[in-house]
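Have a look at the structure below before the remarks.
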Amino acid sequence: MNKWNSNFKLGDTITEEQKEFFDKNGVIVFRNFLTQEMISLYLNELHRLEYVWLTEGRDKINGVPLKFGKDEQNNKTIQRLCFTSLYSEALHHLLSDERLKALITLLDPYEGRIAENEKDGLVINNYINIPNSTFTQMGWHTDSPRDLFLGQKIMPMLNVGIHLDTCLFENGGLRVLPGTHKQNILKLLFGKKYFVDYSDDPREVGFDIFSGDLTVHDGRTWHRVKQSPLVGEASRRRVMYIPIITGKFKPKHDKSKTPFYHRFTSAVHH
């Protein structure tokens, strides 16, 4: 298992070096995307949305189920929130950042867009390693079979992670198999057992991720979230994910049906 270092910075355009690195590996890390003030603002928004949605008794947003767990005091908590920018002015404003728009060019020659009201919108994952947590890790997967579940061909997409907590390599977090975004369809579908395989892979790489960093991985790249060896608050890892997608515009709304793959993944994300 290897740790890669990164000193890329994300500006209003993607540099040739950054484009080449991403094209080769299917993953890239940009440092210091958010300031500490922005991180505080978004964490406040996370807490506000969680409080409001728990109070309202919501269990899904636009057809996509929320994921619940318990905190250390055994209080109900939401561990995966979706479409958050549709309920938060601050998060909505974040998605118009020119630097995020610059990432779309990583999909060239495809026309890409930031999927604010498609797929699951701006997702916030709240991983913590405690006994009652339902979200401590995530097994190996790619993001592509969703397209197949929805009856369409696999389209290029980017998954952009904006990290609100520091997660050093030794403490788990994102792991990827570099270059697997160029694999054939059989390897994409059957290279590993989706979501139920948590095992280390000698080819996998990870990073020291610091609060405020931004990661991008190609949706066809094999990746997982490794469980933290830490427990309790020290293991908490909050990440905002927004997809940049191609293909037909398919917005979700409050009458949207729950996608089939969510019924499947809810059983295996534990």
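The values are calculated or read from the model by the stated rules, or taken from the named source; none is laboratory data. Here the structure is a predicted model, which is why all the values come from computation and not from measurement. Methodologically, a virtual Cβ is constructed for each residue, glycine included, from the backbone with ideal geometry; neighbour enumeration extends over all protein chains shown.
Out of all the residues in the range 14-38, which are of a type in the set (Val, Ile, Thr) and either touching a residue at least 24 places away in the same chain (Cβ under 8 Å) or buried (at least 20 other Cβ atoms within 10 Å of the Cβ) (or both)? Steps first, answer last, please.
Filtering the range 14-38 for residues of a type in the set (Val, Ile, Thr) gives 14-15, 27-29, 35.
14, 27, 28, 29, 35 - these are the residues of the range 14-38 that are of a type in the set (Val, Ile, Thr) and either touching a residue at least 24 places away in the same chain (Cβ under 8 Å) or buried (at least 20 other Cβ atoms within 10 Å of the Cβ) (or both).
Take the conditions touching a helix residue (DSSP H, G or I) at 6+ places or on another chain (Cβ under 6 Å) and either part of a strand (DSSP E or B) or not acidic (Asp, Glu) (or both) and apply them to residue 106. Does it pass?
On the way: touching a helix residue (DSSP H, G or I) at 6+ places or on another chain (Cβ under 6 Å): yes; either part of a strand (DSSP E or B) or not acidic (Asp, Glu) (or both): yes.
Yes.
Could you please find all residues in the range 122-148 being part of a helix (DSSP H, G or I) and acidic (Asp, Glu)? Please lay out each step first, then the result.
Looking only at the range 122-148, we keep the residues that are part of a helix (DSSP H, G or I), and these are 145-148.
Matches in the range 122-148: 147 only.
Return a yes/no flag: does the range 187-196 have any residue that is in contact (Cβ under 8 Å) with a residue 60 or more places away in the chain, not hydroxyl-bearing (Ser, Thr, Tyr) and not in a helix (DSSP H, G or I). Can you show your working first?
From the range 187-196, those in contact (Cβ under 8 Å) with a residue 60 or more places away in the chain are 194-196; that's our starting set.
If we keep only those that are not hydroxyl-bearing (Ser, Thr, Tyr) as well, we get 195-196.
Filter once more, so that each one left must be not in a helix (DSSP H, G or I): 195-196.
The answer is yes; a qualifying residue exists.
So, in the range 60-79, of the ones that are farther than 15 Å from residue 124 by Cα and without any contact (Cβ under 8 Å) to a residue 40 or more places away in the chain, which residue ends up surrounded by the fewest Cβ atoms within 10 Å (Cβ to Cβ)?
73
Quick check: is even one residue across the range 20-34 on the phi < 0 side of the Ramachandran plot, in a strand (DSSP E or B) and in contact with a His (Cβ under 6 Å, 6 or more places away or on another chain)?
Checking the range 20-34: at least one residue is on the phi < 0 side of the Ramachandran plot, in a strand (DSSP E or B) and in contact with a His (Cβ under 6 Å, 6 or more places away or on another chain).
Residues of the range 64-102 being among the hydrophobic types (A, V, I, L, M, F, W, C), on the phi < 0 side of the Ramachandran plot and part of a loop (DSSP other than H, G, I, E, B), which ones?
Taking the range 64-102 as the starting set, the residues that turn out to be among the hydrophobic types (A, V, I, L, M, F, W, C) are 64, 66, 68, 78, 81-83, 86, 90-91, 94-95, 100, 102.
Applying the additional criterion that residues be on the phi < 0 side of the Ramachandran plot yields 64, 66, 68, 78, 81-82, 86, 90-91, 94-95, 100, 102.
Of everything in the range 64-102, those that are among the hydrophobic types (A, V, I, L, M, F, W, C), on the phi < 0 side of the Ramachandran plot and part of a loop (DSSP other than H, G, I, E, B) turn out to be 66, 82, 95.
Would you kindly identify the strands (runs of 3 or more DSSP E) lying entirely within the range 213-270 that contain at least 2 residues that are at pLDDT 90 or above, within 16 Å of the chain's Cα centre (by Cα) and among the charged types (D, E, K, R)? Walk me through it before giving the result.
Details: elements: 214-218, 223-226, 232-245.
Hits in the range 213-270: 223-226, 232-245.
Can you tell me which residue is nearest to residue 9 (Cα to Cα) among those in the range 150-167 that are more than 16 Å from the chain's Cα centre (by Cα) and surrounded by 14 or more Cβ atoms within 10 Å (Cβ to Cβ)? Spell out how you get there, then give the answer.
Applying the first criterion (more than 16 Å from the chain's Cα centre (by Cα)) to the range 150-167 yields 150-155.
Next, from what is left, pick out any that are surrounded by 14 or more Cβ atoms within 10 Å (Cβ to Cβ): 154-155.
Working: 154: 30, 155: 27 Å.
Ranking the candidates gives 155 first.
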